[in-house]
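The values are calculated or read from the model by the stated rules, or taken from the named source; none is laboratory data. Predicted, not measured: the structure shown is a model, and the values here were computed from it. Please note: Cβ atoms are built from the backbone with ideal geometry, for glycine as well, and neighbour counts cover all protein chains shown.
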Amino acid sequence: MLYKLCTHIQQWRFNEKAIDTPLQPLYQEPYIPASQAFLNTRFLVLDCEMSGLDSENCQLLSIGWVMIERGRIVSSSAKHLLIHADRGTGDSSKIHGLFDVNIAGANSVATVLMLLMRQIPGAVLVFHHASLDIRFLQKATLETFRCPLLFAYVDTMVIEKKRLQLQGKMNGLRLAQCRQRYGLPDSAQHNALADAQATAELFLAQASYLGEGQASLSLSELSLSCAR
Amino acid sequence: MVSEANDVQVFLVQHPPFNQLSASQLEYASSNIFVAFSKSGSELVLNSTVDNPSADNNYKIGMLIIRSGSIEIRTQQGELVDRLSSGDYLLADTINNKGGESLSVFVLEDCLYYELTDYALQSLSATCIEISTLLESNKTQSPELLNNHISGSTELHVDHLVNDSYLSQPVKNAMSSSVISASPDDSIRSAAELMKQHRISSLLIQHNDQLVGILTDRDLRSRVLAKGIADSEAIKSVMTKSPRCIDVNSRLYDAHLKMMSEGVHHLPVVNNVIPVGILTLSDILRANNAEPLSLIRAINRADTVNELSLAAENLPGLVVKLIERDARAVEIGKIITSFSDGITKRLIKLATRKLGVAPCDYAWLAFGSQARQEQVLGSDQDNGLLLPDDVDIDDSYFSKLAEFVNDGLDRCGMPYCPGNVMAKNDKWRQPLKVWKQYFVNWIEEPSPRAVMHSSIFFDMRHIAGNIEFTKTLRHYVLEKAKNNTIFLAMMCDNALSHSPPLGFFKTFVLESDGDHNHTLDLKKRGTIPIVDLARIYALSASLHPLNTIERLELMEQEGVMSKEMSYSLIDAHEFIAGIRLDAQGRQYRGNVTVDNYLDPKELSPLVRHQLKDAFKVVRDAQLAMRIRFGGGVI
């Protein structure tokens, strides 16, 4: 019920501010009931790449996402968007392979956020290690539109953590480690889209193992939360 | 938006039939794919209308592609039909069998899979021949999938393997890309000097960066020397003006056709109008099989074992090239064997230089795969010396000769025979009468053990020396073996001990011993059964050929074997040997020890299905052989 309460509080706090901004639809959207079936839910699986871990001094470099509908990853929905950076890409470019020169032809952060917002209504977002991505997304949205995003989300890392706790295990929670436990193949690439796809596959695998499997699963079993 | 190959595309492009798709087709396929996961134990339903018909993007599944994990297909009675794993695909129509019995799909190991929509599959089949062939063959072949009983013959679809020959390579792979050119106003003499300096047989003539002519060796001979024209004249008076050109992106066969129809040996290669290279007839020949000739020349010129072994080092590279060019396995076998023969003959010549002329005539024999001209890279040597029946032979000479040749062969990449079937072993360096006695023992008092060890001797070919000796022995053996039913039954039983690796339900039975866990032994389980079969039939009818394919062909002509069976066996042999060669080529490229083992997982699903068909042909033929010769000793 924390999810429901939290959603209402956010709506109440920012509803006025959101009026006449691109965020308005998000605040007017009826909240997604936790009793909704997994197979009837549209999921937007998201991954962000940033120039570092510290949201004060670092920024978003790219966002990748892919949709899940009726328990299937819809490949044609995949998007990979690069974002203008004011500062150079710094150290993390070594990991993501994103260099200043790539980013030169990229979109403004406002454009990318608008595109993202168009996908959110009616969807539950999915992240692996949600808090980090959400911190960056909210900061960017606040800076651009003076109002945070409002959405429901699940975190595959939290799902995995709970599952392992039930089994009395303490294993690694990194995306690749989680995927390995479900026999999912190693992915060769590491960019926002590839990681979003990898997260989506992990999420499908987790959903198959939760409760009685995908067919009878509801959102309440997925530790649904509300973004603040 | 960044456009790049996503994970789905990266995976598809590695697996047939999708590896045949163009980039845009691949993008189309991947955007019509839905990714799903099912945990082990669950059943996959591929029926057309998915659970929720009200959802807006409803689709009918055309094909299922396994990304990871594995599934198995069973009949309604629970019989196993097939197992599929990563890279395998399944057509929805195969499962939702029209009219016939439908099949069920169960997840064996947690499975991530792609669903390609039927609509996309049909659209792809309209533009991609590989996919339309696949859909076609599925229409005709589904009942066979269910049918495990032994039938007459199975057709093999080897066509797709015979894809690009060397002539379909692009011109740019074979051309020489250095553009040496002169101006039309330069003197003939300076042109000749330029050609000599660069060791080229033709010169492009350019004026203001435009190609205006070509001057070749032949022009210098026929238009300058033969007509007594002074070498101070300008090139333009003798060059071929506005020569025929070939586009850099054309294929070699276009170039070859053009040369033939124009009667020229040189074609300037252009990119738009800019000359980027030149292609000569010998470039085309070199792209084909010109290397074997130069290698044979190097072998015949070697004056020491060292030089010979250096020349032989080029062989694996050459063979890998031939494999990549899709030369037929039987041809590759013959090429490798021709080198072994050449090296053996050269070694005998070098030995004679060192030891002096032999005290009497003799014959050098090759056995086994060298005799059949079916060697592969790293085949070991099997040979013997046939000496005359005269008394007083100085064996020390032949002992030294054999030692020299056997050691030399080992240094040239043909390792010593582990069974010690080599001329330097006293047992296999004997007069004719002893050899005859060996064969009489094997044929007239066969024991399973003796038959197992002696079968390679029945493939025997003359390499060097007095060929009459070899002929006499061969004739004698063929006469003895023919119609000796006990011997043939024993050979037959021995051959049946190498069975194709098929389980009862057309699944592979893998070797699980030692280092080679879960692999197929393509030699023992694939080619040897066919080789054995051909040998037995050939011996039963006194047929002379030694090569398995030639034996099978003659068996058909002589009516020893049915046309269907012999053709199917030829195809199966070519197919299995081809896969074995491919795998060995890959091993060689990857610097891995070259052997005969293959993990079926490395094969594409298409090839795997065909391999199963090929093994089935072998199994059918073995059964027929048992009925014909087998004494039922086993």
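Restricting attention to the stretch B:595-634, the residues being surrounded by fewer than 17 Cβ atoms within 10 Å (Cβ to Cβ), part of a loop (DSSP other than H, G, I, E, B) and among the aliphatic types (A, V, I, L, M) number 2.
Scanning the stretch B:224-236 for residues that are at pLDDT below 85, in a helix (DSSP H, G or I) and over 11 Å from B:Arg189 (Cβ atoms) yields a single hit, B:Leu225.
When the criteria are applied in full, A:Asp86 fails the requirement of being under 13 Å from the mean Cα position of the chain (by Cα) and either more than 14 Å from every other protein chain (Cβ to nearest Cβ) or at pLDDT 90 or above (or both). The set of residues from the stretch A:39-50 being within 26 Å of A:Arg135 (Cα to Cα) and in contact with a Gly (Cβ under 7 Å, 6 or more places away or on another chain) comprises A:Arg42, A:Asp47. Entry remark, the stretch A:3-32: residues being without any contact (Cβ under 8 Å) to a residue 60 or more places away in the chain, within 16 Å of A:Val124 (Cα to Cα) and polar (S, T, N, Q) number 1 in total.
Within the stretch B:373-387, the residues that satisfy the criterion of being crowded, with 23+ Cβ neighbours inside 10 Å, within 19 Å of B:Asn420 (Cα to Cα) and under 28 Å from the mean Cα position of the chain (by Cα) are B:Gln375, B:Gln381, B:Asp382, B:Asn383. The set of residues in the stretch B:43-74 that are at pLDDT 80 or above and at the interface with chain A (Cβ under 7 Å from one of its Cβ atoms) comprises B:Arg67, B:Ser68, B:Gly69. Residues in the stretch A:153-197 that are among the small types (Gly, Ala, Ser) and in contact (Cβ under 8 Å) with a residue 60 or more places away in the chain were compared, and the one that is nearest to the other protein chains (Cβ to nearest Cβ) is A:Ala194.
Conditions tested, residue by residue: (1) under 25 Å from B:Val531 (Cα atoms); (2) of a type in the set (Val, Ile, Thr); (3) free of Cβ contacts under 8 Å to residues at least 12 places away in the same chain; (4) not assigned by TED's automatic domain parsing to the domain that holds B:Arg461.
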site	(1), (2), (3), (4)
B:Val320	yes, yes, no, no
B:Ile332	yes, yes, no, no
B:Asp341	yes, no, no, no
B:Leu350	no, no, no, no
B:Gln373	yes, no, no, no
B:Gly384	yes, no, no, no
B:Pro388	no, no, no, no
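List pairs: first in the stretch B:174-202 and more than 17 Å from B:Ile274 (Cβ to Cβ), second modelled with pLDDT under 90 and among the basic types (Lys, Arg), Cβ under 8 Å, 6+ apart or cross-chain? Taking only residues 6 or more apart or on different chains, the pairs are B:Ala174/B:Arg286; B:Pro184/B:Lys236; B:Asp185/B:Lys236.
If the condition is being touching a strand residue (DSSP E or B) at 6+ places or on another chain (Cβ under 9 Å) and free of Cβ contacts under 8 Å to residues at least 12 places away in the same chain, then the stretch A:198-212 contributes A:Ser208, A:Gly211. For the structure I just gave you, tell me whether A:Leu217 is of a type outside the set (Gly, Ala, Ser) and more than 11 Å from chain B (Cβ to nearest Cβ). Yes.
Among the numbered conditions (1) part of a helix (DSSP H, G or I); (2) basic (Lys, Arg); (3) touching a helix residue (DSSP H, G or I) at 6+ places or on another chain (Cβ under 6 Å), the only one that B:Lys424 does not meet is (1).
Is it true that some residue in the stretch B:608-616 is within 23 Å of the chain's Cα centre (by Cα) and either without any contact (Cβ under 8 Å) to a residue 24 or more places away in the chain or in the same structural domain as B:Leu84 (by TED's automatic domain parsing) (or both)? Yes, there is a match, as at least one residue in the stretch B:608-616 is within 23 Å of the chain's Cα centre (by Cα) and either without any contact (Cβ under 8 Å) to a residue 24 or more places away in the chain or in the same structural domain as B:Leu84 (by TED's automatic domain parsing) (or both).
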